[in-house]
Amino acid sequence: MKEEEILGILPLHIRTIIKQAGINWDELQEIRLRIQKPVILKYNAKTCYLSEQGKITTRKEQLHIVTSQEIRQAMEYISSYSMYAYIEQLKQGFLTIRGGHRVGICGTVVMDHDKVKTIRHISGLNIRVAHEVKGCADTLYSLCTRMGKLIPTLIISPPGCGKTTLLRLITGSVKPTEGKIFYNERNIFEDYTQYKAVLGYLPQHFELDHVFTVKEYLNYISAYKGLSKKQTKRRTAEALGALRLWEVRDKKIVRLSRGMRQRVGMAQAVLNKPKVLVLDEPSAYLDEREENLFYELAGEFLQDRIVIITERSSLDETRSRCEEVADWNLTMKNGKVGSI
């Protein structure tokens, strides 16, 4: 399965010589492709190269050199010949493909004011191969459940330890390659529409449509979540009031401060009164004042529901926050989970 997923996005010639190399896919961590540079593999914890003869080597001789045509071909395979469908993911600088593998994108960034609009003239790809680690969530699950039920949990770790991947699985944004995710003893993918109705999610890279006013945007999200007009009016007013957004309800989102935009993100997450609320690094780009205000105002929404929050702050910065927002706090480092 893993072999098919990775080979399926590689340029044809590179795909052929990698097959010849007889790779152990459990030992492959990364494939790096850059125009006019050799193919680099992070293999068995070592930096290696791919030769034209289909061999993995540490010697810089007779290596395959990546062409611009191969980069274009790889992007076509990755996007299924439709880059437009991936434009939002592309703004983040990486794409996630089937199996949970991530492809980092190197190119020319096009900015629109202070936001990334797109990436053009792609010159390099970094394919990070996802690996299943059986039993890695056993400790996590036992720590964030009580009497068989999930409790509010704050997950803290440096970047790259799997927080966002874990939340993407919990929210159903990505399907697990193996295993199942249950809510109320039902696999969430058996009836994802029903699960989505009880889910609130504030992603790490939250995109707001700046053409809307705050109120227009929340009305739009309410319709997407299937709320009636009566529910939309009541719950939008409740969220605007609780998060101190009422005075700016008719203001264009583009004119809001970063802290206010993040509170709009929180508002959209709680419109459907979710039973499962997931917040991925909600204070990542806020200054100390904005962060304190965000958690102060969001506090009432963190009660009487399953709440999962990730943060990447240092333990000293986060320790006091933990006591305010969660019943249990976990750290993740180097793939291991432990409690504070």
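Nothing in this text is a laboratory measurement; each read-out follows from the coordinates by a stated rule. Only a predicted model underlies this, so the values are computations on that prediction, with no experimental measurement involved. Cβ atoms come from the backbone with ideal geometry, glycine included; neighbour counts cover every protein chain shown.
Here are the numbers:
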item	result
Neighbourhood charge, 14 Å Cβ-Cβ cut-off, centred on residue 72 and excluding it, Lys, Arg +1 and Asp, Glu -1	0
Qualifying lysines (Cα of each under 26 Å from Cα of residue 46; at least 8 residues distant if same chain)	2, 19, 37, 55, 60, 134, 163, 333, 336
Residues listed by number, region 270-297, amide nitrogen under 18 Å from residue 115 label point at 7 Å toward C-beta	284-286
Order of 117, 55 - criterion: other Cβ atoms within 10 Å of each residue's Cβ, fewest first	117, 55
Cut-off 15 Å between beta-carbons: net charge of the residues surrounding residue 190, Lys and Arg +1, Asp and Glu -1	+2
Which listed pairs, of 215/273; 42/91; 175/225; 196/273; 91/115, have C-alpha distances above 19 Å, in listed order	42/91; 175/225
Most to least packed among 95-103, 220-228, 56-64 [average Cβ atoms within 10 Å]	95-103, 220-228, 56-64
Region 1-110 - charge dipole about Cα centre, Lys and Arg +1 at Cβ, Asp and Glu -1, debye rounded to 20	320
Rounded FRET efficiency, nearest 0.05, which uses the C-beta distance separating residue 251 from residue 190 and R0 of 56 Å	0.85
